[in-house]
1. I want to check the label-to-label distance for K39 and E69. Put each point 7 Å from Cα in the C-beta direction and report it in nm to one decimal.
2. Give me the distance in nm between label points sitting 7 Å out from Cα along the Cα-to-Cβ direction at K85 and R58, one decimal.
3. Quick one: P(r) of region 89-183 from all Cα-Cα pairs, 10 Å bins, percents rounded to integers, in order of increasing distance.
4. Between D139 and T30, how high is the FRET efficiency from 1/(1 + (r/R0)^6) when r is the Cβ-Cβ distance and R₀ = 35 Å? Nearest 0.05.
5. At a 1.4 Å probe radius, carbon and sulfur cover how many percent of the accessible area of region 46-189?
6. Per-residue HN-Hα couplings for region 166-171, Karplus 6.51 cos²θ - 1.76 cosθ + 1.60 at θ = phi - 60°, whole Hz, x for Gly and Pro?
7. Would you compute, for the Cα atoms of region 24-175, the largest minus smallest coordinate along each principal axis and list the three values in descending order, in whole Å?
8. Can you list residues from other chains, or at least 5 along the same chain, whose modelled amide H is less than 5 Å from the amide H of T30?
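The values are calculated or read from the model by the stated rules, or taken from the named source; none is laboratory data. Predicted model, so just to flag it, every value in this text is computed and none were measured. Don't worry about glycine lacking a Cβ; one is built from the backbone with ideal geometry, like all the others, and counts go over all protein chains shown. SASA here: full protein model, heavy atoms, side chains in, ligands and nucleic acids out. Shrake-Rupley method; radii C 1.70, N 1.55, O 1.52, S 1.80 Å.
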Amino acid sequence: MNPLSLTSKFARIAVVAAALASVHTAGNATEISTSVDIKKTITFKGDFASLKADFEKREEFLRLFPNIETLKATGEADTYFYRMKPMGSAGVMHVTEYVAAYQFQQSENALTVNWKTVPGQGNAQLNGKTTYSRVNAEDITINLVVQGELLKIEVPALYALGAGPVTRRLFEKNVDQFMGILEKTYKAK
């Protein structure tokens, strides 16, 4: 093997690496937005009475959503500021922040949470509804719908086309994790 050919290969690799690294500088960044449309349903054998008791502790119940860095009441009735932990992959990093107003409703066999983002507050417009239903003496069904948009996602220009789907999937993983937490927390013992 010719040692000079190895050196030239490494030199070419170094030039390509330097070019790719320059893409990550602020001068080459762009902002994108991506839509979110998530619908999930799970049914499991669970303790509805325990779920209902925690549901009544609103802020504590909202904290079950994973990867929350900050959750605090704004002073308005059932309105909360969220800041999520940074989520990212493959050169794309995003911190979701928003303020949402909630409506909590309950009946004997159903608990419902509706939320709407307060416009102009943060970098996400997320609206949704979660219904927790006692199907029978043993089973709980959870239906969750989240729709909206993640805004102001700053990405290297090279990644602009792929960043939306990546960020959307990372957010959806949080929702999947949330459903798993609910099942684990309220599973019948």
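1. Result for the modelled spin labels: 3.3 nm.
2. For K85 paired with R58, the spin-label model returns 2.7 nm.
3. Pair shares across the bins are 14, 38, 30, 14, 4, 0.
4. Numbers: r = 47 Å, r/R0 = 1.35.
Efficiency, from the Cβ-Cβ distance: 0.15.
5. Numbers: 3610 of 7280 Å².
Of the solvent-accessible surface of region 46-189, carbon and sulfur hold 50 percent.
6. For region 166-171, the Karplus curve yields 5, 5, 4, 5, 5, 5 Hz.
7. Largest first, region 24-175 extends 58, 33, 20 Å along its Cα principal axes.
8. Close amide H contacts, sequence-distant or interchain: V155, A157.
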